[in-house]
1. Just to confirm my filter: which helices (runs of 4 or more DSSP H) fall fully inside the range 1-63 and include at least 2 residues that are over 22 Å from residue 88 (Cα atoms)?
2. So for the range 47-64 (the condition being touching a Lys or Arg at 6+ places or on another chain (Cβ under 9 Å) and crowded, with 22+ Cβ neighbours inside 10 Å), does at least one residue qualify?
3. Applying the selection to the range 212-236, what residues are at positive phi and over 15 Å from the mean Cα position of the chain (by Cα)?
4. Please go through the range 40-61 and pick out each residue that is within 21 Å of residue 257 (Cβ to Cβ) and in contact (Cβ under 8 Å) with a residue 12 or more places away in the chain.
5. Applying the selection to the range 23-64, what residues are aliphatic (A, V, I, L, M), within 16 Å of residue 101 (Cβ to Cβ) and away from the ligand (no atom under 16 Å from the Cβ)?
6. I'm trying to understand the selection: among the residues of the range 268-284, which are in a helix (DSSP H, G or I) and either under 21 Å from residue 227 (Cα atoms) or within 16 Å of the chain's Cα centre (by Cα) (or both)?
7. Go through the range 118-132 and count every residue that is over 15 Å from the mean Cα position of the chain (by Cα) and within 16 Å of the ligand (Cβ to nearest atom).
8. What pairs come up if the first residue lies in the range 65-84 and is more than 18 Å from residue 7 (Cβ to Cβ) and among the hydroxyl-bearing types (Ser, Thr, Tyr), the second is more than 16 Å from the ligand (Cβ to nearest atom) and at pLDDT 95 or above, and their beta carbons are under 8 Å apart, counting only those six or more places apart or on different chains?
Amino acid sequence: MALVAVHELLAKAEQKGYAVGAFNANNMEIIQAIVKAAELENAPVIMQASQGAISYAGLHYITGMVKIAAENTAIPIALHLDHGTDFEQVVKCIRSGFSSVMFDGSKLPLEENIKITNKVLEIARPVGVSVEGELGKIGGTEDHVTVSDQEAMFTDPEEARYFAEKAPVDSLAVAIGTAHGQYKGEPKLDFARLETIRSLTGLPIVLHGSSGVPDEAVSRAISLGVRKVNIDTNIREAFVWAMRKAMQDKPEEIDPRKILGPGREAAVELIREKIKLFGSSGQA
Ligand SMILES: [Zn+2]
């Protein structure tokens, strides 16, 4: 089927109380792994590309591969721009065929974030493209977006209410204790803050940096209104560890398919586990 908008997937998740997995699509094998896992679980999925993935693979390749993936399955698939920090990048992705974009203005002053998010809403709404906003600074490193631990600032619930009123996005990414990349210790999520933000905005909440968050914490966050859970680091780990093992087992192997194939298989298993955890199995 054709690509679907994220807000459509989240509306159904909202009704039934689960979350949709948003998996970063960095290459063909990972895209295929996401589709296979989604088919095996009969679950809707969001494939997302960061600006880093776009500059690595090329915008046309990312859009082309994900469109082909969607057209060849009955599973609903959305294509989302992860952490668009640049208005021009957002426009290019919409024009290329993305069904959803994130405008990450979290580093900007609040009013500036609201202003540009509204510019994005103005061009996205008429063509049915979903918009995710961000408020608060999520710790860690994701491609070029780096926020040091000191700077990492949790989302202020009152600001979130104001933001949602002034820039009526489809979903809101919040900073409640998760971080991008690999965790040094066990993350502690601020559930009370999540609950307050959710009740003040009424918006589906997006959890970034969810790799390495304990399963119980993810489930609890979903019970409190998280409807999109982003997973990138766990896929990278599963993929690369399997590739590394394949190379160690057969150091003389020169066929890239024999190295990438095991990575793809490991990613399928990891993504299936996440889909089950998010409660979206059987919801396609
Ligand atoms: Zn993120």
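1. 6-16, 28-41
2. The answer is yes; a qualifying residue exists.
3. 225
4. Residues satisfying the conditions are 56, 57.
5. If the condition is that a residue be aliphatic (A, V, I, L, M), within 16 Å of residue 101 (Cβ to Cβ) and away from the ligand (no atom under 16 Å from the Cβ), then 59, 62 are the ones that fit.
6. If the condition is that a residue be in a helix (DSSP H, G or I) and either under 21 Å from residue 227 (Cα atoms) or within 16 Å of the chain's Cα centre (by Cα) (or both), then 270, 271, 272, 273, 274, 275, 276, 277, 278 are the ones that fit.
7. 0
8. 73/35; 73/38; 73/39
The values are calculated or read from the model by the stated rules, or taken from the named source; none is laboratory data. The structure displayed is predicted, hence computed values, not measured ones. Using ideal geometry, Cβ is built from the backbone for each residue, glycine included, and neighbour counts are taken over all protein chains shown.
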